[in-house]
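No value in this document is a laboratory result; all are computed from the given coordinates. Bear in mind that the values here come from a model prediction, so they are computed numbers and not experimental data. A quick note on method: Cβ atoms are made from the backbone with ideal geometry, for glycine too, and the neighbour counts reach across all protein chains shown.
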Amino acid sequence: MATQHAQLVQTLLGELTASASPEELADNWQRVATHFDVLLDRPEAIDALEQTILQLAVRGLLVPQDPNDEPASELLKKIRAEKDRLIAAGKFKREKPLAPIAIEDEPFDLPVGWQWVRFGQIAVIASNLVPPAQHQGKLQVAPDCIEKGTGRLLQKRTVAQAEIISPNHLFKPGQILYSKIRPSLSKAVLVDFEGLCSADMYPIESMLDSDYLLLYILGQPFLDQVKAAENRVKMPKLNQDSLVLFLVALPPLAEQSRIVARVESLRRLCADLRQRLTARQTTQAHLAEALIDEVA
């Protein structure tokens, strides 16, 4: 039964991700909605739905495109100019030129106004290793603090509480912290505070909407590249030279904000589904206990 359910989930959600346009997505969604109660009756199915939402979002299928939006090509020019300014000011180091993107390497077709870019074009991996003894009161983040695949921080602890002694990266609010160890677990979080993070993590400075970049990092198109690039058998690791070459689907800046808002709304619905499922399972368990007690 569990295997059949998993196959049903995979088939129906696969139809969603195979959609070539928002109109086709709407038609495919109707078929999913028909099986909604059966489809989403267990946590792993809701997890799969949430991952599907992320995948649809970064393909431009969740929100309509606005022809009045400034295209991603213009945004990329502004990002280049800003990076040059920060490099000239000594904030960033100048990087090696990145290889151009061949058409045959593009994973899928993008909507009008979008553009494929390399990760290193729209983000900077910040490295600022400091001794923890000088920052005992700051918060410390390591991979174990982050929930896999969701972008959620599970716990907050100070450097003193973490009892770390080796150098950590000093990060600042607005950066994305991404675990380079076992990267296929997709442990990444956007922070709104200053602190230290494990040397097993990359503090990432986003040059676009940071919330959108986090969604992309958590999505399947990024994860597919991670799985192809991670090295070391016992403890997989994603090196920086590979990360900067990853492909990112870049929407217009205004559309990035619409995508983020839409995904946040749908993920709240997923969270509500999980709560209802938990409540229903608890009620069923109490009912079973009551029946057993009555018979006994």
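With 0.36 nm allotted per residue and the present C-alpha distance subtracted, the Leu8-Lys91 stretch has 24.8 nm of extension available.
Amide hydrogen proximity for Tyr202: with H placed 1.01 Å from N in the peptide plane, the residues at 5 or more positions away or on another chain lying under 5 Å are Tyr178, Ser179, Lys180. The relative contact order of the chain comes to 21 percent, based on Cα pairs under 8 Å that sit 6 or more residues apart.
What do you get when you divide the Cα radius of gyration of the range 41-92 by 2.2 N^0.38 Å, with N the number of residues? Spell out each step's value before the answer.
Details: Rg = 18.3 Å, N = 52, 2.2 N^0.38 = 9.9 Å.
Scaled against compact globular proteins, the figure is 1.86.
Using θ = phi - 60° in the Karplus curve 6.51 cos²θ - 1.76 cosθ + 1.60, the 3J(HN,Hα) couplings for the range 22-35 round to x, 5, 5, 4, 4, 5, 5, 5, 4, 5, 5, 4, 4, 9 Hz; x is entered for Gly and Pro.
With each label modelled as a point 7 angstrom along the Cα→C-beta vector, the Arg31-Leu154 pair spans 3.7 nm. Note on Arg94, Arg80: ascending count of other Cβ atoms within 10 Å places them as Arg94, Arg80, the fewest first. Our note on the geometry: Cα centres of the range 141-188 and the range 54-77, 29 Å apart. Taken over the range 72-251, the percentage of Cα pairs per 5 Å bin, counting from 0 up to the bin with the maximum distance, is 1, 8, 16, 20, 20, 16, 11, 5, 2, 1, 0.
My understanding is that a pair violates if its Cα-Cα distance is over 25 Å; which of Lys93/Lys237; Lys83/Lys237; Lys96/Lys156; Lys91/Lys180; Lys96/Lys138; Lys78/Lys227 do that in this structure? Too far apart for the 25 Å limit: Lys83/Lys237; Lys96/Lys156; Lys96/Lys138; Lys78/Lys227. From the largest down, the range 1-107 spans 61, 31, 26 angstrom on the principal axes of its Cα atoms.
Here Glu15, Glu255 are placed in order of increasing Cβ neighbour count within 10 Å, fewest first, which gives Glu15, Glu255.
Length gain on complete extension for the stretch Ser73 to Phe193, per 0.36 nm per residue less the alpha carbon to alpha carbon distance?
Numbers: separation 120, 0.36 × 120 = 43.20 nm, distance 3.15 nm.
Answer, rounded to one decimal: 40.0 nm.
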